[in-house]
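To start, the structure under review is shown below, and the notes come after it.
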Amino acid sequence: MFKNVGNCLGDLSVLKHVDQLIEWRFIEELHKLESSSTLCLANKLKGKHLDYGKNKMKVALAAQTLSSSVASAIDFLRSQGLVQFQGSEATCQFLRVFDEMFDLTNSSNALAKGFKSPITACNYNVKVARIQLLTAYVEKLIDIHGK
């Protein structure tokens, strides 16, 4: 399902959450900026992440694209006043929500901490409550045509 989310955002280019736009172009702008300079903002974004059509079956590419590190890089560039990243707040929230959902559902390492830890009897209520909040966010996502 995680790959479907990445493909959906890439294919549609714009999604909406309530009245806020979530735009693929911010991810493209980040890649463009990092490619054209020596700037690297601690993410794994490469050309193959943007050319996802050839790699639709690779979960790792979707996970690296829809990640908190990409959101943090976009946040940083917006805070630095770069015009092409203005209005990217909803996109960053979207990236963080799906990064956290991936971590919550892909947790298997017993030694992991936080949301990357597996669900146990001790943390079950906390994890389920968080999953419900994230699910409520996802349920409000629509395309620009209202679907």
Size of charge dipole - the chain - debye, nearest 20, with Cβ of Lys, Arg +1 and Asp, Glu -1, no other charges: 460 debye
Which entry in (i) 9.6; (ii) 8.1; (iii) 18.1 is this structure's computed mean projected area of the Cα convex hull in nm²? (i)
Select from Ala110, Ser36, Asn4 the residue farthest towards the positive end of the dipole of the chain; place +1 on Cβ of Lys and Arg, -1 on Cβ of Asp and Glu, and compute about the Cα centre. Ala110
Phi to ³J(HN,Hα) by Karplus 6.51 cos²θ - 1.76 cosθ + 1.60 over segment 129-134, Hz, x for Gly, Pro: 4, 5, 4, 5, 5, 5
Degrees between helix 89-105 axis and first principal axis of the chain (Cα, 0 to 90, nearest 10): 40 degrees
Got a number for carbon plus sulfur as a percent of the chain's accessible area, 1.4 Å probe? 58 percent
The chain: angle of helix 2-12 to the longest principal axis, Cα-based, in degrees nearest 10: 30 degrees
With a 10 Å radius around each residue's Cβ, average the other Cβ atoms per peptide and rank 125-137, 90-102, 58-70, highest first. 90-102, 58-70, 125-137
Gained length - Ser13 relative to Asn123, 0.36 nm times residue gap less alpha-carbon distance: 36.0 nm
Per residue, how much accessible area does the chain have with a 1.4 Å probe, in Å²? 58 Å²
Which angle between 0 and 90 degrees, to the nearest 10, do you get for helix 68-79 versus the longest principal axis of the chain when only C-alpha atoms count? 40 degrees
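The values are calculated or read from the model by the stated rules, or taken from the named source; none is laboratory data. From a predicted model like this one, the values you see are computed outputs, not experimental measurements. A quick note on method: Cβ atoms are made from the backbone with ideal geometry, for glycine too, and the neighbour counts reach across all protein chains shown. To get the accessible areas, we keep the full protein, side chains included, count just its heavy atoms, and leave off ligands, DNA and RNA. Shrake-Rupley method; radii C 1.70, N 1.55, O 1.52, S 1.80 Å.
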